[in-house]
Amino acid sequence: MGRMHANVYALLENAELVGCVDRRTEKAEAFAKDFGCPVFASIEEAVQATGANVVDVCLPTVDHAAATIKGAELGCHVICEKPMALDVATADTMIAACEKAGVQLMVGHCIRYWPEYDYLKRLVESGELGALQVVNLTRYGAFPSWASENWQADESKAGGGALDMRIHDTDFILYLLGDPDTMHSDGQLDERGVGYSISTMRFGKTVAILEGGWSWPQNTPFRMTFRAMFERGAAIMEGGPLTIYRDGQSPEVVEFAKMATSGGGNISDLGGYFVELKDFIDHLEAGQPTTVVTPQTSRRSLEVALEEIAQIKAKHQ
């Protein structure tokens, strides 16, 4: 993810990558060579040497809080990858540290910025197809064994697939529809935590089904899809481009510009990350906090994701 973000900074006119910090020397040196920035032994050293005013945290989840708090103490704004933390209390310490230092904190819930999901959000808000009746959000793939030192296999560092991967859809559904009236979760549990989860949520008359995780065989491709059924149509992104269906009309394929990246991982399109980081940097320049993602929305998404996990674990006792 650090490489993904670095690709974005190279494209932003109002941002410059001035240094990287990684405890693994060989990784840091390779990163620095690829992106033309110096290597530093610590966040403190990097900020003091470069005068940086933003710290971008792309570390294992267990390390998010310490790096965020250090960045805030150094007077830097912070963009921190999702999930925000492993528990709500830790998230609160991150928010408090940034508020005390008078710096902005944004958590990288990129799906709120993903073009297809943003289009779905606008469809719901406009009422163009009538009221949303049912929405399915699905995200799945093989376990990310490519992660450094296999840290995601340790629940105490990553929180399991329900937190590390499926939180994307938990966060988006809260963004789309607000807090659910009811929620029922179930799923699969193994030594890495809740790897695959299914939640049914009701928002008034709208039903949402969220499903996904990383417990599939190693050759399983990554997929993120949604199906949204409205009173007068449907929006489907499943194995192809986002397509809008209306009775009596030809399907409408919605086209979006694609931005190729060499960042690695399971995403080959830079678009959502570009819009996300551009929004963060633009708001910093304007002296305004972001509104699409805020510390409080990220805290709430963590809280709901942890409740999903708690429900699933209770059923396995």
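What the table shows:
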item: Total residues in the stretch 162-188, condition crowded, with 20+ Cβ neighbours inside 10 Å, in contact with a strand residue (DSSP E or B) (Cβ under 7 Å, 6 or more places away or on another chain) and more than 30 Å from Phe230 (Cβ to Cβ); result: 0
item: Enumeration of residues in the stretch 278-317 that are hydrophobic (A, V, I, L, M, F, W, C) and within 19 Å of Met165 (Cβ to Cβ); result: Val293, Leu302, Val304, Ala305, Leu306, Ile309, Ala310, Ile312
item: Any hit, the stretch 16-23, residues being part of a strand (DSSP E or B) and either under 24 Å from the mean Cα position of the chain (by Cα) or surrounded by 19 or more Cβ atoms within 10 Å (Cβ to Cβ) (or both); result: yes
item: The listed residue being outside the structural domain of Ala65 (by TED's automatic domain parsing), outside any helix (DSSP H, G or I), at pLDDT 95 or above and surrounded by 20 or more Cβ atoms within 10 Å (Cβ to Cβ), out of Val194, Val207; result: Val194
item: Among residues of the stretch 230-252, those that are modelled with pLDDT of 95 or more and either over 26 Å from the mean Cα position of the chain (by Cα) or in a strand (DSSP E or B) (or both), counted; result: 16
item: Candidate set from the stretch 132-145 (those that are more than 30 Å from Phe230 (Cβ to Cβ) and within 18 Å of the chain's Cα centre (by Cα)); member that is surrounded by the most Cβ atoms within 10 Å (Cβ to Cβ); result: Phe143
item: Tally of residues being among the charged types (D, E, K, R) and crowded, with 21+ Cβ neighbours inside 10 Å across the stretch 49-72; result: 1
item: All positions within the stretch 67-101 that are of a type in the set (Val, Ile, Thr), in contact (Cβ under 8 Å) with a residue 60 or more places away in the chain and more than 15 Å from Arg300 (Cβ to Cβ); result: Ile79
item: Residue list for the stretch 291-317, filter: assigned to a loop (DSSP other than H, G, I, E, B), of a type in the set (Val, Ile, Thr) and surrounded by fewer than 21 Cβ atoms within 10 Å (Cβ to Cβ); result: Thr291, Val292, Thr294
item: Contacts under 9 angstrom Cβ, first residue in the stretch 267-292 being outside the structural domain of Pro144 (by TED's automatic domain parsing), partner small (Gly, Ala, Ser) and modelled with pLDDT under 95, 6 or more apart; result: Ser268/Ala260; Asp269/Ala260; Leu270/Ala260; Leu270/Gly263; Gly271/Ala257; Tyr273/Gly263
item: Subset of the stretch 305-317 (residues that are farther than 20 Å from Tyr117 by Cα, touching a residue at least 60 places away in the same chain (Cβ under 8 Å) and not basic (Lys, Arg)); result: Leu306, Glu307, Glu308, Ile309, Gln311, Ile312, His316
item: Pairs, first modelled with pLDDT of 95 or more and of a type in the set (Val, Ile, Thr) in the stretch 32-46, second buried (at least 16 other Cβ atoms within 10 Å of the Cβ) and assigned to a helix (DSSP H, G or I), C-beta under 9 Å, six or more apart; result: Val39/Ala28; Val39/Phe31; Val39/Ala32; Val39/Ala46; Ile43/Ala67; Ile43/Lys70; Ile43/Gly71
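The values are calculated or read from the model by the stated rules, or taken from the named source; none is laboratory data. Owing to the predicted nature of the structure, the values given are computational and were not obtained by experimental measurement. So basically every Cβ, Gly included, is an ideal-geometry build from the backbone, and we count neighbours across all protein chains shown.
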